[in-house]
């Protein structure tokens, strides 16, 4: 994923089709509930409280999928590689992250098209 990730966002408004901000709040809440109990991923998050990470991911996903650009307004360009560079993220961490995100997506009542778009990303 390049640093121009927001420029590569899909043209279809998945944000609205998914259910808007409430759907993304729920998705990210369920994701981080799983992360909080995962020893592999918990070590990647230095904060004891995951609320900062929860807010950042929620705002990023909302903007990426066609919602308000609050993430960029508050934090500037995502620069995902740079922001994640300090963390040791290998296959184990990647697979755990993807597993928890897939479970969070699957726990929501989404249309097959929205589910596919989220998981394909």
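The values are calculated or read from the model by the stated rules, or taken from the named source; none is laboratory data. What you see is a predicted model; the values in this text were computed from it and never measured. Note that we place each Cβ from the backbone using ideal geometry, even for glycine, and neighbour counts take in every protein chain shown.
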- Take segment 98-120 and flag every residue that is under 16 Å from residue 61 (Cα atoms), surrounded by 12 or more Cβ atoms within 10 Å (Cβ to Cβ) and free of Cβ contacts under 8 Å to residues at least 60 places away in the same chain. 102, 115, 116, 119
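Of the residues in segment 45-97, how many are in a helix (DSSP H, G or I) and modelled with pLDDT of 75 or more?
The total comes to 24.
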